[in-house]
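The values are calculated or read from the model by the stated rules, or taken from the named source; none is laboratory data. Bear in mind that the values here come from a model prediction, so they are computed numbers and not experimental data. Using ideal geometry, Cβ is built from the backbone for each residue, glycine included, and neighbour counts are taken over all protein chains shown. With ligands, DNA and RNA removed, areas are computed over all heavy atoms of the protein, side chains included. Shrake-Rupley method; radii C 1.70, N 1.55, O 1.52, S 1.80 Å.
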Amino acid sequence: MTTVERQDEAMSANAPGAAEQDTFRSTDPASGELVGVFPVQDAAAVEAAVARARVAAEAWAALGFGERRLRLAAYRGYLARRMNELADLVHRENGKPHDDAVLEITLAIDHLAWAGAHAARTLRLRRVAPGLLAANHAAYLEYQPLGVVGVIGPWNYPVFTPMGSIAYALAAGNAVVFKPSEHTPAVGAWLARAWQAAVPDCPDALQAVTGLGETGAALCRAGVDKVAFTGSAPTGRRVMAACAQTLTPVLMELGGKDAMIVDDDADVAAAANAAVWGAMSNAGQTCIGIERVYATSAVYDAFVREVTEQVAGLRPGSGPGAAYGPMTMASQTDVVRRHTDDALADGGTAALGGPVPGTQAHGNVIAPAVLLDVPESSAAVREETFGPTITITRVADAEEGLARANATSYGLAGSVFAGSRSRGLSLARRMRSGMTSVNSVLTFASVPALPFGGVGESGFGRIHGADGLKEFTRAKAVTRQRFPLPVDLMSFRRPASAAPALARVIGVVHGRHR
Ligand code: NAD
């Protein structure tokens, strides 16, 4: 049975009277309409997928960089040609506007192109300097694929986020078993089917397994060579605990509480524009979204005015022209409500928005909120809100803004707006985060050569760029003796004078340094 047939069979769980297999439903968050019914794949099904991937991994690795690059190109060509079909599915299943889905898919395609084009030069066998002690040897380094990578993804960017692991893992020569979020299984299954259609001679190099958290947990236990997890920190801890049992390495892409600093000489209108997009696009459900702004006294009033004006013009919803869609997970509405309520109870004020209306009556669409001078101890400043809200806090200067931005257990990304190039760069480099954009937001995610990942509670390891390729490899070191030395130091036959002579040489070379 081909993989496509298997997937079709799995999807036939849709049909009445289909085999008795647990299923779950994926629905449109705006309308509640059914998007699809998917199998809850159990441990046996996950293990079977990993076993198929294990076979595919050998064939895929054996293709070499050039042949893999061709197939990755065929995959991105397939995605590009069916962009609107996929964007429509993302819109229906995740709720984001169609145009934002197009943007997301475009970014994913660009990463696929970069990973395919740069894998060879980043990972291939190269000679490195052998150094003084092994001068008679040639030294070789290469980055070899791990085998099978399990990718566990979230729902907020159901194409771009998992593709940050999938594209780089595949380009490095691994097979991938992908467990999409239970909130976006249709998109995950679509991506796997697209692979099988575009790369028919290695269909099992990318497979999707659907299910709830337990299916993800089964993937952690299925003997994969690495788990690339993107999701929340609490689930990340569970994934690490499961992987610890088998010493399976993990990559953790977790949440954030990203801040923007607006300096005295910043372009306030540009900063406001970026802050509004960074905070409100995708209904604020962006791991690298801006959730907090620290604006200096010099620009605070103008910045608040500009942000409020822009946010007042946003119309959320699900129809054409909507700025952003409904909350993908209805339960997230409660988190946003709690944070907003706490912020106001703690002494903050709402320049716009405020108490979040009831979930049912509004179809999970939350009006945007601009919250001012919320105490740093408040949940809206400390915890990931993941909603269309932004806090703006007045600070004396950018240094105070930086200190507050860094006073969080998270450390994913952030933004700095400053007129001075050197000052902007200095603030960005000192921000405790994996990525920072100066005079823009989120830009680093669209630069394929730049690594993407966090520090602290935001995780560890990197996707994207050369680091992202290496993340899915193991470094392999080889030496080859070119000619024997008259005295072999690593031999029981070395003369007694060898070690004292070595000590003298090392004394001359290194002993002069104080
Ligand atoms: P989540 O942690 O609830 O779920 C993520 C995935 O883990 C899902 O596929 C889920 O089924 C699976 N899962 C659940 N329990 C599991 C278990 N015990 N073992 C293995 N897998 C399990 O996260 P979410 O709500 O889907 O995503 C939102 C979070 O993801 C936010 O915190 C957001 O900031 C973060 N995120 C981070 C990045 C990044 O690159 N750093 C990108 C996007 C989203």
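All told, residue 396 meets the bar of being open to solvent by 60 Å² or more (accessible area, probe 1.4 Å) and among the hydrophobic types (A, V, I, L, M, F, W, C). Can you tell me which condition residue 178 does not meet? The list is (1) within 21 Å of residue 101 (Cα to Cα); (2) among the aromatic types (Phe, Trp, Tyr); (3) touching an Asp or Glu at 6+ places or on another chain (Cβ under 9 Å), and all the others hold. Every listed condition holds for residue 178 apart from (3). Among the residues of segment 215-251, those that are surrounded by 22 or more Cβ atoms within 10 Å (Cβ to Cβ) and either near the ligand (Cβ under 6 Å from one of its atoms) or not in a helix (DSSP H, G or I) (or both) comprise 216, 220, 222, 224, 226, 227, 228, 229, 230, 231, 239, 251. Counting only strands (runs of 3 or more DSSP E) that sit completely within segment 381-494, those holding 3 or more residues that are β-branched (Val, Ile, Thr) correspond to 389-395, 473-481. Taking every residue in segment 254-277 that is β-branched (Val, Ile, Thr) and pairing it with any residue that is surrounded by fewer than 18 Cβ atoms within 10 Å (Cβ to Cβ), at least 6 positions away or on another chain, the pairs with Cβ-Cβ distances below 6 Å are 268/302.
Could you list all residues from segment 369-384 that are over 25 Å from the mean Cα position of the chain (by Cα) and either at pLDDT 95 or above or buried (at least 21 other Cβ atoms within 10 Å of the Cβ) (or both)? Hits for segment 369-384 are 369, 370, 371, 372, 374, 375, 376, 377, 378. Pairs linking a residue in segment 124-149 that is over 30 Å from residue 498 (Cα atoms) to a residue that is of a type in the set (Gly, Ala, Ser) and surrounded by fewer than 14 Cβ atoms within 10 Å (Cβ to Cβ), with Cβ atoms under 7 Å and 6 or more positions apart or on different chains, are 143/475.
The combined condition, being more than 16 Å from the ligand (Cβ to nearest atom), assigned to a loop (DSSP other than H, G, I, E, B) and at negative phi, is fulfilled by residue 264. Considering segment 459-514, the residues that are basic (Lys, Arg) and over 36 Å from the mean Cα position of the chain (by Cα) include one that is most open to solvent (accessible area, probe 1.4 Å), namely 514. A Cβ distance below 8 Å, combined with a sequence gap of six or more or placement on separate chains, defines the contacts here; from segment 55-83, residues that are surrounded by 19 or more Cβ atoms within 10 Å (Cβ to Cβ) reach residues that are among the aliphatic types (A, V, I, L, M) and not in a helix (DSSP H, G or I) in the pairs 56/175; 57/148; 57/175; 60/175; 71/199; 75/199. Looking across 337, 292, 315, one residue alone is closer than 22 Å to residue 397 by Cα, among the charged types (D, E, K, R) and within 29 Å of the chain's Cα centre (by Cα). It is 292. Based on what the data block shows, is residue 111 in contact (Cβ under 8 Å) with a residue 60 or more places away in the chain and open to solvent by 40 Å² or more (accessible area, probe 1.4 Å)? Here the answer is no, as residue 111 does not meet what is asked. Filtering 278, 255 for residues that are assigned to a loop (DSSP other than H, G, I, E, B) and either of a type in the set (D, E, K, R) or open to solvent by less than 40 Å² (accessible area, probe 1.4 Å) (or both) leaves a single hit, 255. When 128, 159, 149 are screened for being within 23 Å of residue 61 (Cβ to Cβ) and either buried (at least 21 other Cβ atoms within 10 Å of the Cβ) or within 16 Å of the ligand (Cβ to nearest atom) (or both), only 149 passes. For segment 326-337, filtered to residues that are part of a helix (DSSP H, G or I) and farther than 12 Å from residue 389 by Cα, the residue that is most open to solvent (accessible area, probe 1.4 Å) is 334.
Residues checked against (1) away from the ligand (no atom under 15 Å from the Cβ); (2) more than 23 Å from residue 269 (Cβ to Cβ); (3) not aliphatic (A, V, I, L, M):
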site: 409; (1), (2), (3): no, yes, yes
site: 414; (1), (2), (3): no, no, yes
site: 420; (1), (2), (3): yes, no, yes
site: 425; (1), (2), (3): yes, no, no
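When we screen 457, 471 for residues that are charged (D, E, K, R) and closer than 23 Å to residue 112 by Cα, the only hit is 471. When residue 387 is tested against the conditions (1) surrounded by fewer than 24 Cβ atoms within 10 Å (Cβ to Cβ); (2) under 25 Å from residue 326 (Cβ atoms), the lone failure is (1).
Those residues that are in a helix (DSSP H, G or I) and either among the charged types (D, E, K, R) or open to solvent by less than 10 Å² (accessible area, probe 1.4 Å) (or both), I need them from segment 301-325; list them, please.
301, 303, 305, 306, 307, 309, 311
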